[in-house]
Every structure is written in structure tokens, then in C-alpha cells.
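Okay, structure first, notes after.
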Amino acid sequence: MQYNTDNQGRRGFLVRATQALSALIGGALGIPAFVYLFTPAKSRSTGGWVDAGDISQLKLNAPEELPFRRVRMDGWKIITEKSTAWVVRLSEKEVVAYTPQCTHLGCAYHWEESKGQFLCPCHTSNFSIDGKVLNGPAPRPLDRYLVKVEGDRLLIGPEQSKAKGA
Amino acid sequence: MRAILAWLEERTGAPSAIQHFLDEEIPASAGWHQVFGSVAMFLFLTQVFTGIMLALNYAPTPGEAYNSLRYIMTELTGGALIRGLHHWGASMMVIIVVLHMVQVFLWGAYKKPREATWMMGVILLLVTLAFALTGYLLPWDNRAYWGTVVTTQISASAPGAGPYVLRLMGAENGVGVVTFARFYAVHVLVLPPLTMLLILLHVYLVRRHGVAPAPGDEVKPKQKFYPRQVFKDTAAISLAFIILFSLAVVAKAPLGRLADPTDTTFIPRPEWYFLFLFQLLKYCEGPLEILASVVLPTLGVGLLFLVPFLDRAPVIRVTKRTTAFAIVILAAITWSGLTAAAVRSTPPEAFAADREGPMEWRDLTPEELAGVSYFKSESCGTCHTLGLRQEGKPGPNLGAGGAARDAAWMIAHFKQPASMVPGSQMPSVSLSDSQLNALAAFLLKLTPQNAMKMQDIPQYVLDGAALYQKNRCNLCHQVNGVGMKTGPPLNGLAHRRDATWVKGHFLDPQKFSKDSMMPAYPFTPQQNEAITKYLMSLP
């Protein structure tokens with residue numbers, strides 16, 4: 001059967017032009033979608049310092065789990081959630097607050113009074129009182145919150161690793 | 001590459017199927033006039049893509065829907081663009097589908113044996129409109145809510161079926177969570193697969209019968225679909241996409257106030273392509289109403305459906321189809337006439353409704369806030385209403401979003417009311433020029449949406465802002481991006497200082513910061529309290 005066809009040069013042009021236009025449209029849709037999915041939301045900072053309570057009774061080297069409420073953005077919502085921190089007075093001047101999750105897979109650990117260690121029940125990671133890994137699969141020392149002491153009150157800030165400049 | 005293709009060919013036969021698809025014979029007369037179907041299909045796929053993108057960050061329940069959409073548009077990079085593409089894509093889709101039908105109609109391509117293809121197309125048009133109708137509710141702003149209230153009321157008026165349709169839409173007790181769930185489910189679960197199935201059948205029929213030839217085509221050599229027609233389709237798609245993309249970038253997709261079922265000031269308007277029906281409804285009152293709301297639309301769709309059976313004459317050259325042209329032109333004139341009438345009769349409030357204006361006093365500059373305080377201190381409210389409907393006050397309602405005046409006009413009018421509005425009974429306003437400026441600046445920010453809120457601004461804010469304005473703090477400081485930067489900007493002051501410090505600093509700046517060049521402001525305790533409280537509450 002006879003067809004009305006284009007010569008080689010024109011055919012090549014039509015093919016390339018079609019491909020180029022398709023690629024442009026694909027890019028114009030794909031790139032914004034990629035940015036949309038992978039760029040974090042513009043943060044409305046709700047961080048800041050939260051009062052975690054009176055620590056005048058906190059004894060030296062005796063960790064205590066202190067509950068506090070913090071406000072944070074969850075997508076389009078501002079939520080207040082209950083959180084805790086393991087607070088330790090390491091010396092007269094130094095007070096630290098560990099985040100309550102094991103650095104291995106995020107289980108809740110506790111202070112084992114008899115051993116003088118933090119113990120994670122999931123995969124038996126142990127941490128010393130200053131947060132260092134003693135044994136087990138935990139990849140790094142316990143994460144810490146930024147802390148401030150004002151008088152007798154302990155103020156807890158964002159996590160150290162997520163805070164600016166840390 | 002060749003090996004992979006050979007493997008694929010042997011296992012699936014896909015390459016030769018694609019080749020077969022691309023090599024389809026099309027008549028010699030095929031060309032630019034047949035691109036609309038491909039463009040419509042492309043737009044549909046784009047809607048699917050942007051729709052999925054939106055759904056990834058969208059919470060489909062009434063209150064959350066609005067907040068999550070606002071989050072998409074203001075806090076996610078590219079979110080406004082993606083919503084813009086989806087919003088304007090819906091309008092483009094309606095346009096292209098109609099153009100596609102007009103082309104097929106003009107060329108008489110619906111004739112035997114292509115009647116079923118045409119009817120399938122009419123169903124696709126209805127599906128497109130159903131997409132538009134259900135999607136309209138999903139932003140859950142005032143437009144969405146009130147628009148859907150009207151839609152459901154119209155459906156309810158259908159003889160016999162009305163109550164059932166209403167129950168199906170979950171709107172028996174008004175538009176609410178059930179209606180929302182139904183509209184959302186139909187929009188994302190029912191219509192997309194239905195459309196894909198219909199498109200598949202539609203394209204299958206196009207293939208089965210071949211692209212409609214023009215008279216004389218049988219003696220000319222045929223062409224292949226690829227690459228010539230594919231290029232034309234792609235070029236048309238690109239043009240449509242450029243228009244869509246520009247619209248999404250330039251014209252922000254509207255998101256008004258959160259839907260408020262008690263808001264009696266909102267005037268609902270349908271989307272532009274439904275305006276003609278809306279206008280038609282106005283001409284038919286009382287028992288005739290059903291004519292415009294149900295009978296005529298049903299009749300129109302029915303006629304459209306039956307087009308291939310009403311016109312059984314043999315195919316002739318498109319240039320000789322004068323009746324077809326006459327019908328299209330008549331339809332276009334009727335449509336534009338009704339739409340134009342609807343636009344012309346739209347009260348300015350409805351246009352202004354799209355312009356939300358600042359909703360929070362924190363978004364206003366100190367000057368505009370000072371304007372609010374002068375509005376109160378000069379008792380403008382004795383004669384003028386803000387926002388609500390007239391309450392029999394002698395002056396016009398200033399929050400109605402009516403004819404916009406510029407600042408120069410307003411200031412001239414404040415000084416000598418009758419010079420601008422002959423016969424005006426308004427007394428001249430005895431304020432200084434800069435105060436009049438502030439008053440005008442505030443009035444320019446008024447919209448029907450924010451007028452009510454502007455009346456609830458706390459007094460300390462008004463007093464504080466008026467003091468700020470009177471002492472020209474803006475010559476050294478910046479608030480909300482307005483003012484000079486000789487001194488520190490004052491937004492977020494509360495994060496840096498406490499109230500006692502600020503109060504003391506006004507009275508004796510150098511006592512608090514040694515090298516400060518700020519002069520002392522001997523405020524009275526009340527004044528100091530107001531301006532400090534105002535500044536401390538700046539975000």
C-alpha cells in the first residue's frame with residue numbers, strides 16, 4: 001500500500017521535536033513534584049524552652065525521668081504532646097537531659113539502679129550514666145536535649161543534634 | 001538495547017503492539033483539527049498526577065481539609081504550583097473537551113458507524129463536569145461550601161428523584177461531613193477509574209472505525225499516525241501545557257476563608273462554565289424554575305446524545321456544513337450572552353470576596369492600625385457600617401467592597417466631603433494630614449471578609465499603634481517590613497526582651513543600652529503600658 005510519508009530529514013525532525021517537547025513537559029511536572037515531596041515544610045518555629053520542673057531535689061548521679069509538655073508542628077497542626085527526659089546531675093554545675101529513646105531502634109530504656117546503667121530491653125544496649133554505649137548494638141551515645149537551669153527550674157530545649165549550630 | 005527489545009517482544013509482544021499502534025493508518029485529511037482528543041487525554045493524566053500529589057498532603061474531612069490545603073499552599077515548596085495546576089487544569093479540561101466536541105460536530109465525525117464513539121464522548125463530558133462539581137467542595141472554603149449548598153438545592157428540586165439525589169449526596173440535613181465524604185469518594189475513587197475505562201472504550205472505538213475521513217480521502221494515499229500526527233498532537237499538548245503552567249504560576253488558585261455556614265454575607269457563585277445555567281435560573285421564577293434547573297439541562301444533554309440520530313445525512317465537506325456551523329455559533333452566542341449577563345450582574349461584593357485582605361491585626365502595619373483607632377476616635381462608626389449589611393445608618397457601608405477609591409480621593413473627601421460627593425452631609429474630618437493618611441491606609445485594607453474582625457482589635461493595640469504613629473517610631477524602626485532600619489526591627493521583640501525592660505527603655509534608653517541613640521519618650525504609665533503590650537505582641 002502507498003503511504004504519504006515524510007522524507008528522512010523531516011521525519012527525524014518530527015521525532016526529535018516530539019521527544020524534546022515530551023521531555024520538557026515531563027520535567028516541568030516532575031521537578032516541582034520532586035521538590036514538593038522532598039523539601040521539608042517551611043518551619044514555623046514553635047521550639048523554645050519548656051519548663052520540666054524543679055530539680056533542686058535531684059541528687060548527684062541519680063537519674064530521674066521527668067515528664068514535660070512540648071508544643072510542636074505536626075504537618076498543618078500545632079500539637080502539644082507529652083514527652084519525658086532522663087535527667088542526671090553529673091556534677092554540682094552540670095545537668096544533662098537525655099531523650100527517652102535508645103539510639104539503636106528507638107525503644108524506651110530505663111535506669112537500672114542495681115547496675116548503675118541505662119538499660120534498653122529490646123536489644124540489650126547498655127549506656128553509662130554519662131550516656132556512653134557500654135555494650136549492645138546502639139551506634140552512638142544517648143541523644144541529649146539542650147538544657148538551661150534557671151534557679152531551681154530545669155528548662156528543656158530542642159534536641160542537641162537538631163538545634164542550630166550543633 | 002536491541003537484545004532487551006527482543007526479549008520483551010518474545011515474552012510480552014509489547015514492542016510490536018506499540019509499533020502497530022503508532023503505524024495506524026489515518027486519512028490524508030487528518031491534521032491539526034484532530035489534536036483535541038489527545039490534549040484532553042493529556043490534561044486528564046495531568047489532573048490524575050497533580051491530584052495524587054495533593055492527596056499526599058491533604059486530609060479529607062471538612063475542617064482539616066481547609067487547614068491541610070492551606071499548609072500545602074503556604075508551607076510546602078511547590079505546593080501552590082501543584083494546586084494551581086490542578087485548579088486551572090480543571091477549567092482547561094472543560095474547555096478542551098468542549099472544543100473536541102465542537103470539532104467532531106462541525107466535521108460530522110459522529111455519523112455512521114461512529115455513533116457509539118460520540119455517545120461515549122457525551123458521557124465523558126458529563127464525567128468531566130462531575131469531576132468539576134465534586135472537586136469544587138474539597139477546599140472547604142466559603143466558595144466551596146456555599147457553591148455546593150446551591151448545587152444540592154438544585155438537585156433537590158428535580159421532580160420525583162429530588163429527595164433521593166439529596167440523600168445520595170448526604171445532604172438531607174444540609175451540606176456537612178457526610179456530603180464531604182461522598183463528594184471526596186466520588187472525586188477520587190469513583191470517577192477516575194470510570195474515566196479511564198470510558199477513555200479506553202472511546203479510543204478503542206476510534207481505532208476500530210478509524211479516524212473519520214473527509215470526502216475525497218478515499219482516492220488519496222493514507223498517512224501513518226507516527227510521527228507526523230503524533231508531532232502535531234504533542235505540539236498542541238505543549239501549547240496547552242504552557243498556558244496551564246503560566247496560569248498556575250501567575251494566577252494564584254483561590255483559597256478564601258474557612259467555610260462558615262452562618263456567614264450570611266457570602267454570595268455564592270458557580271465556576272465560570274456553570275454561570276450560564278446560574279443566569280438562566282434567574283430568568284425562570286416560581287414554577288418555571290424547574291425548567292432552568294432540571295428540564296433544560298436534561299433536554300440539552302439528551303439532544304447532544306441523540307445528535308448522530310437526528311442528523312443521518314451522508315458526510316459532506318466541512319466547509320459546506322452551514323447548519324452545523326450555525327448551530328455552534330448560536331450555542332456560543334447564547335452561552336456567552338448568559339455568561340456575560342451573569343458577570344455583569346455580579347455585585348462587587350462577590351468579586352471582592354476573592355480578595356480576602358489581611359485577617360489578623362498582626363498583619364497590619366502600625367499606620368493602618370492607627371487608622372483603625374482614628375476611625376473609632378472620630379466616631380466614624382456613628383454613620384458608617386463596616387461589613388455587615390446596612391443598619392439604616394446615613395453613610396455608606398465601608399466594608400461592602402464596593403467601588404474602590406484611592407487614598408488621594410479619600411483624603412480629599414475627608415477634608416471637604418461635599419467636594420468629592422456633591423450633596424454629601426458628612427462633616428469634614430478634623431485630623432492632621434498624616435492621620436488622614438493612616439485612616440485611608442486602613443480603609444484600603446478593608447474587605448467584606450475582614451471588616452468584622454477589624455472591629456474586634458484590642459484597644460491596647462489601637463492605642464499602642466496610634467502612639468507609635470504619633471511619635472514617628474517608623475523613622476528608625478521596622479514593623480511588618482515597613483519603616484527604617486536605623487534601630488532594630490521590632491517584630492519578635494518579645495523573644496529578646498521582657499516588658500519591664502521595654503517600659504524602662506522608653507523612659508531612659510541609655511540606662512538600658514549605653515550606646516543607644518534613641519531619645520527618651522516620657523510616656524504616661526497608661527501610654528507606656530499600651531505601646532509596650534502592642535510591641536510585645538508583634539510576631
Open item on the list: So if I average 1/r over every pair of distinct C-alpha atoms in the stretch B:1-128 and take the inverse, what Kirkwood radius in Å does that give?
Closed with: 18.2
Task: Candidate aspartates and glutamates - alpha carbon under 17 Å from B:Lys320, same-chain residues fewer than 8 apart omitted - done: B:Asp217, B:Asp311
- [ ] In whole Å, largest first, what are the principal axis extents of the Cα atoms in chain B?
- [x] 97, 68, 44
Task: Dipole of chain B, positive direction: furthest Cα of B:Phe105, B:Ile52, B:Thr77, with charges on the beta-carbon - done: B:Phe105
Open item on the list: Among B:Thr152, B:Gly121, B:Asn67, which residue has its Cα furthest toward the positive end of the charge dipole of the protein assembly as shown, with +1 on Lys/Arg Cβ and -1 on Asp/Glu Cβ?
Closed with: B:Gly121
Task: q = 0.12, 0.19 Å⁻¹: log10 I(q)/I(0) that the Debye formula gives for the stretch A:35-124, counting C-alpha atoms only - done: -0.52, -1.00
Task: Gaussian network model of chain A, springs between alpha carbon atoms under 10 Å - residue of A:Ala33, A:Ala62, A:Ala85 with greatest fluctuation - done: A:Ala33
Open item on the list: Normalised radius of gyration for chain A, please: alpha carbon Rg relative to 2.2 N^0.38 Å, two decimal places.
Closed with: 1.80
- [ ] Grab every C-alpha pair in the stretch B:200-340, bin the distances at 10 angstrom width from 0 up to the longest one, and report whole percents.
- [x] 8, 19, 28, 27, 13, 4, 1
- [ ] For the stretch B:151-162, take each phi angle, set θ = phi - 60°, evaluate the Karplus expression 6.51 cos²θ - 1.76 cosθ + 1.60, and give the result in whole Hz per residue in order, putting x for glycine and proline.
- [x] 4, 5, 5, 5, 4, 5, 7, 4, x, x, 6, x
Task: Quarter of the Cα convex hull surface for the stretch B:223-306, i.e. its orientation-mean projected area (nm²) - done: 10.7
TODO: List every residue whose amide H lies under 5 Å from the amide H of A:Gln117, counting only residues 5 or more places away in sequence or on a different chain, with H placed 1.01 Å from N in the peptide plane.
DONE: A:Glu112
- [ ] Could you estimate the translational diffusion coefficient of the stretch B:26-346 from the Stokes-Einstein equation, with Rh from the Kirkwood formula over C-alpha pairs, at 10 °C and 1.306 mPa s, in whole µm²/s?
- [x] 74
Task: Net charge dipole size for the stretch A:7-115 [Lys, Arg +1 and Asp, Glu -1 on Cβ; Debye, nearest 20] - done: 1060
- [ ] Sort all Cα-Cα distances of the stretch B:471-539 into consecutive 10 angstrom bins from zero, then give the percent of pairs in each bin up to the one containing the longest distance.
- [x] 20, 58, 21
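Under the definition of partner shielding as Cβ atoms of other protein chains within 10 Å of a residue Cβ, what is the mean value for peptide A:12-23? Each step should come with its number before you reach the end.
On the way: counts 1, 2, 9, 4, 2, 5, 11, 3, 2, 7, 4, 0.
So the per-residue partner count for this stretch is 4.
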Open item on the list: List the residues of the stretch B:55-71 for which accessible area in the full set of protein chains is at least 10 Å² lower than for the chain on its own; 1.4 Å probe, protein heavy atoms only.
Closed with: B:Leu56, B:Asn57, B:Ala59, B:Glu64, B:Asn67, B:Ser68, B:Tyr71
Task: Dipole magnitude (debye, nearest 20) for the stretch B:74-220, charges at Cβ of Lys, Arg, Asp, Glu - done: 340
Task: Cβ charges +1 (Lys, Arg) and -1 (Asp, Glu), total dipole of the protein assembly as shown, debye - done: 1580
Open item on the list: For chain A, which cysteines have no second Cys with its Cβ under 4.7 Å from theirs?
Closed with: none
Task: Whole-Hz couplings from phi, Karplus 6.51/-1.76/1.60, listed for the stretch B:494-504; x for Gly and Pro - done: 4, 6, 9, 10, 9, 4, 4, 4, 5, 4, x
Task: Projected-area mean, the stretch B:146-281, by convex hull of Cα positions, square nanometres - done: 13.9
Open item on the list: Can you compute 3J(HN,Hα) from phi for each residue in the stretch B:330-345, using the Karplus curve 6.51 cos²θ - 1.76 cosθ + 1.60 with θ = phi - 60°, rounded to whole Hz and x for Gly and Pro?
Closed with: 4, 4, 5, 5, 4, 4, 5, x, 5, 5, 4, 4, 5, 5, 5, 8
Task: Most mobile listed residue (A:Pro100, A:Pro141, A:Pro40) in chain A, GNM with C-alpha springs under 10 Å - done: A:Pro40
- [ ] May I ask for the equivalent-ellipsoid semi-axes of the stretch B:94-143, computed as the square root of five times each C-alpha gyration tensor eigenvalue and listed largest first in whole Å?
- [x] 30, 11, 4
TODO: Search the structure for amide H atoms under 5 Å from the amide H of B:Asp141, placed 1.01 Å from N in the peptide plane, and list their residues when 5 or more places away or on another chain.
DONE: B:Ala259
- [ ] Two decimals is fine: what is log10 I(q)/I(0) at q = 0.05, 0.09, 0.10 Å⁻¹ for the protein assembly as shown, from a Debye sum with one equal scatterer on every Cα and no solvent?
- [x] -0.41, -1.06, -1.16
- [ ] Hey, can you grab everything whose amide H is under 5 Å from the amide H of B:Lys222? Only 5+ residues off in sequence or another chain; H modelled, so Pro and N-termini drop out.
- [x] A:Asn4
Open item on the list: Students often get this wrong, so check it: of B:Lys282/B:Lys376; A:Lys93/B:Lys533; B:Lys415/B:Lys453, which have C-alpha atoms separated by over 30 Å?
Closed with: B:Lys282/B:Lys376; A:Lys93/B:Lys533
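The values are calculated or read from the model by the stated rules, or taken from the named source; none is laboratory data. Everything numeric here is computed off the predicted structure, so don't read it as measured data. As a convention, Cβ positions derive from the backbone with ideal geometry for all residues, glycine included, and neighbour counts pool all protein chains shown. These area figures cover heavy atoms from the full protein model, side chains too; ligands, DNA and RNA do not enter into them. Shrake-Rupley method; radii C 1.70, N 1.55, O 1.52, S 1.80 Å.
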